[in-house]
Amino acid sequence: MTTRVRPSSKRCAVIGGSGFLGRHLVEKLLERGYSVAVFDIRQSYELPGVTFYQGDLCDKEALRPALKDVPLVFHCASPAPASDDRALFQRVNVQGTRTVIQACTELGVQKLVLTSSASVVYEGADIKNGTEDIPYAAKPMDYYTETKIKQEKLVLQACDKEGGLLTVAIRPHGIFGPRDPQLVPILVDTARRGKMKFIIGDGTNLVDFTFVENVVHGHILAAEHLRPESPLCGKPYHITNDEPIRFWDFMSKVLVGLGYAAPRYHLPYMLVYGLAMLLWLLALLLRPLVAFKPTFTPMRVALAGTHHYYSCEAAKRDMGYKPLVSLTEGISRTVESYPHLRHGAP
Ligand SMILES: NC(=O)C1=CN([C@@H]2O[C@H](COP(=O)(O)OP(=O)(O)OC[C@H]3O[C@@H](n4cnc5c(N)ncnc54)[C@H](OP(=O)(O)O)[C@@H]3O)[C@@H](O)[C@H]2O)C=CC1
Ligand SMILES: CC(C)=CCC[C@@H](C)[C@H]1CC[C@H]2C3=C(CC[C@]12C)[C@@]1(C)CCC(=O)C[C@@H]1CC3
């Protein structure tokens, strides 16, 4: 006779736990008394209370030991948006997420919390205080967004309140904080190449940037409030700093904090967007001959020049969410954490 170990409610698994958000989540879970199994394609650190399982989430046999006897799973793995590799996004975000759901179901996992993205509804037009009932982007602007939509649908549709797997999706936007491998490094690299002199558009567009610890807080609240009778089942929730800021003010604060000049000159939005479209087409046509990745993609230009901020009222109402760290505090903690990216650093 095989006896099934009753999973401890303070045990959980984090798929993608070696990444930027994943590691912050793991650290907070440990602080809150959880023991954590991390599953990731790479191991980037060691911590007491964490067991590492290295593997590809598309491989169910590799996943199984990490999810065994675990009641709660966080899925925050994804290829980086900058890779722009359609086949990879499809394999990991769509096929891989199917595999994660199957493994959870087969192993009797009770709750699955997905890290989705607010970008699933963004298609280049302004979004002001967007709520969760905005429809998914009909024409996603890049392959990352296309597969994040499919991924979120798969996870939310898998929710089974009748004794099966419970699911919820967290949609963060513009995550920043210490150890972020994308936002600050891209910004500094662009500044170091002398390309951060221009503001795209009139510079008044408001955007959500969300400090990583607030995103983590939203994930843990979602996990702890997810029950068969709760409104969270099968639903997406925006988690933001609840302080939309002008995109270019945020960029300037980070740049100036690190000793670089803030952008000053304005360029018309439609002109830069048109150029980005041309570059993108050129890159597509030349792909068989030369591989080059433009910094100014249509998606990035749109993100830099339109409004995109979201309401987190639903998370406040259904799970008692409130940001723990203000934008000002988050920016200063982030800037301090990057001494090597300061202007003039060796
Ligand atoms: N950063 C942001 O602003 C936002 C992020 N999100 C979402 O949050 C989540 C976390 O993002 P973030 O922390 O920034 O990303 P990271 O790239 O830092 O973390 C993702 C982790 O998943 C790993 N991974 C990738 N593919 C696989 C695979 N096939 N099997 C196992 N592990 C894999 C990555 O490894 P490797 O690095 O080797 O690829 C990495 O360690 C993602 O789902 C992302 O879509 C949503 C909105 C905004
Ligand atoms: C709010 C949100 C979704 C942020 C996501 C992070 C990235 C998409 C941005 C982080 C740094 C940004 C950036 C640009 C576009 C968007 C980012 C990559 C530019 C390339 C936009 C055009 C420029 O003038 C330079 C910018 C560098 C930084």
Exercise for the section: Report, in debye and to the nearest 20, how large the dipole of the chain comes out about its Cα centre when Lys and Arg carry +1 and Asp and Glu carry -1 on their Cβ. Expected result: 440
Problem - Given charges at beta-carbon only (K, R positive; D, E negative), |dipole| of segment 125-272 in Debye - result: 660
Practice task
Using Cα pairs closer than 8 Å and at least 6 residues apart in sequence, work out the relative contact order for segment 53-143, in percent.
Solution key: 33
Handout entry: Filtered GluC sites (Glu not before Pro), segment 186-230: DSSP coil and at most 15 other beta carbons within 10 Å
Key = Glu229
Problem - Under the Karplus curve 6.51 cos²θ - 1.76 cosθ + 1.60, θ = phi - 60°, whole-Hz ³J(HN,Hα) for segment 161-171, x wherever Gly or Pro sits - result: 6, 8, x, x, 6, 9, 10, 8, 10, 9, 10
Practice task
Determine, from the Cβ-Cβ distance of Thr328 and Leu286 and an R0 of 30 Å, the FRET efficiency 1/(1 + (r/R0)^6), rounded to the nearest 0.05.
Solution key: 0.10
Exercise for the section: State the percent of C-alpha pairs, over all pairs in segment 197-315, separated by a distance greater than 16 angstrom. Expected result: 71
Practice task
List, in order, the whole-Hz ³J(HN,Hα) value for each residue of segment 18-33 obtained from phi through the Karplus relation with A = 6.51, B = -1.76, C = 1.60 and θ = phi - 60°; use x for Gly and Pro.
Solution key: 8, x, 4, 5, x, 5, 4, 5, 4, 4, 5, 4, 4, 4, 8, x
Exercise for the section: Between Ser326, Ser35, Ser44, find the one with the highest GNM mean-square fluctuation for the chain; connect C-alpha pairs within less than 10 Å. Expected result: Ser44
Fill in the blank from the handout: Ranked by GNM mean-square fluctuation in the chain (Cα springs under 10 Å), the top entry among Leu258, Leu271, Leu88 is Leu271
Fill in the blank from the handout: Residues whose modelled amide H sits under 5 Å from the amide H of Leu165, counting only those 5 or more places away in sequence or on another chain, are Asp160
Fill in the blank from the handout: Along the dipole axis of segment 27-169 (charges at Cβ: +1 for Lys and Arg, -1 for Asp and Glu; origin at the Cα centre), the most positive-end residue among Ala82, Leu112, Tyr144 is Leu112
Practice task
Putting +1 on Lys and Arg Cβ atoms and -1 on Asp and Glu Cβ atoms, find which of Ala222, Phe211, Tyr260 reaches farthest to the positive end of the dipole of segment 206-306.
Solution key: Tyr260
Practice task
Taking the Cα centre of segment 226-274 as origin, work out the dipole magnitude from +1 charges on Lys and Arg Cβ and -1 charges on Asp and Glu Cβ, in debye rounded to 20.
Solution key: 120
Fill in the blank from the handout: In degrees, nearest 10, the alpha-carbon axis of helix 143-157 is tilted away from the dominant principal axis of the alpha carbons of the chain by 30
Handout entry: Selection of GluC sites (Glu not before Pro), segment 2-104, meeting DSSP coil and at most 13 other Cβ within 10 Å
Key = Glu46
Exercise for the section: Mind jotting down the distance between the C-alpha centroids of segment 247-277 and segment 59-123, whole Å? Expected result: 34
Handout entry: Share of carbon and sulfur in the accessible heavy-atom surface of segment 233-346 [1.4 Å probe, %]
Key = 64
Problem - Residue-level accessible surface for Asp85, protein heavy atoms, 1.4 Å, Å² - result: 70
Problem - trypsin sites (Lys or Arg not before Pro) lying in DSSP loop within segment 22-106, provided at most 12 other Cβ fall within 10 Å - result: Arg32, Arg42
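The values are calculated or read from the model by the stated rules, or taken from the named source; none is laboratory data. Since we're looking at a predicted model, the values are computed, not measured. Note that we place each Cβ from the backbone using ideal geometry, even for glycine, and neighbour counts take in every protein chain shown. Please note that ligands, DNA and RNA were not included when accessible areas were found on the heavy atoms of the full protein model with its side chains. Shrake-Rupley method; radii C 1.70, N 1.55, O 1.52, S 1.80 Å.
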